[in-house]
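Notes follow once the structure below has been shown.
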Amino acid sequence: MEKNLEKKIIIKVSDVSKSFNNNVVLKDINFQLLEGESLAIIGASGSGKSVLLKNIIGLLLPDKGSIQINDTEMVHLNKKLKEKILLDLGITFQHGALFDSLKVWENIIFKIANKEKINTKQGKQIALSIIEDLGLQPNILDLYPSEISGGMQKRVAIARAICGNPKILLFDEPTSGLDPVTGSLIDKLIKKAVSRIGGSAITITHDMASVCRIADKVILIDKQTISWSGTPKQMFDSENEKIQEFIKTINSEIFFND
């Protein structure tokens, strides 16, 4: 008798819709994130990608639908239980959202410092071990976010997200505004983080080179709903007009070179 090889569903979004002042942003969104899977969500600016992410983590409440994380229904879940679940997630926001009053190393270890007692020496060592993979220098650890560049802030936010090896990673435009070399570095780190911990990731992005490097599966949000889904390689054979618009400048040979 064959073993059941089906992967566990980590995040399940069912029939989710969201409007603001009668302006429909999301309509009947359905998808699943599986264990060990890296999912990329693409779509034009203003298509609702970030709104979807905020609904998943509970910053926004959907008008209707269900959002489950590890079989727990998040919609209308009480605050204490929701916060407990979110502690096991690594999240970055589009503009970093670092804590201005905390130094870089304190920002990076913020989540795990709320779980366990960590002294300054331990905290800096933990932060240092992460930023080295991001091409950042040790001398930034004692600086405040306002004292480093926007690109550095974005990388620090990613370091904070992966600190503590969370099983679920959610990235909102992680390579936006970064040069191609740094963007490629971020992609490698995301892949490394997912494979090392056997975790799952959702990345919201418009960077199609990044999609080709990191994603196992891609979904396109267009006209408030998911209009296409498939693998990065399938994108290049798709007749979907929006998909073709996104990939027209991508050379598949560059990004699918094993």
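The values are calculated or read from the model by the stated rules, or taken from the named source; none is laboratory data. What you see is a predicted model; the values in this text were computed from it and never measured. In this analysis, Cβ positions are derived from the backbone assuming ideal geometry, glycine residues included, and neighbour counts consider all displayed protein chains. Protein only, heavy atoms only, side chains kept; ligands, DNA and RNA dropped before computing areas. Shrake-Rupley method; radii C 1.70, N 1.55, O 1.52, S 1.80 Å.
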Count of the range 124-138 residues which are under 24 Å from the mean Cα position of the chain (by Cα) and in a helix (DSSP H, G or I):
9
Looking at the structure I just gave you, is L34 within 22 Å of S195 (Cα to Cα), under 17 Å from the mean Cα position of the chain (by Cα), open to solvent by less than 80 Å² (accessible area, probe 1.4 Å) and at pLDDT below 95?
yes
For the range 113-121, check the following and say yes or no: at least one residue is in contact with a strand residue (DSSP E or B) (Cβ under 9 Å, 6 or more places away or on another chain) and either of a type in the set (A, V, I, L, M) or open to solvent by 30 Å² or more (accessible area, probe 1.4 Å) (or both).
no
Keeping to the range 65-79, report how many residues are among the charged types (D, E, K, R) and either in contact with a strand residue (DSSP E or B) (Cβ under 7 Å, 6 or more places away or on another chain) or not in a loop (DSSP other than H, G, I, E, B) (or both).
2
Go through L189, L170, L178, L220 for me and flag whichever is more than 30 Å from E132 (Cβ to Cβ), touching a helix residue (DSSP H, G or I) at 6+ places or on another chain (Cβ under 9 Å) and either open to solvent by less than 40 Å² (accessible area, probe 1.4 Å) or at pLDDT below 90 (or both).
L220
Would you kindly identify the helices (runs of 4 or more DSSP H) lying entirely within the range 156-258 that contain at least 3 residues that are β-branched (V, I, T)?
180-197
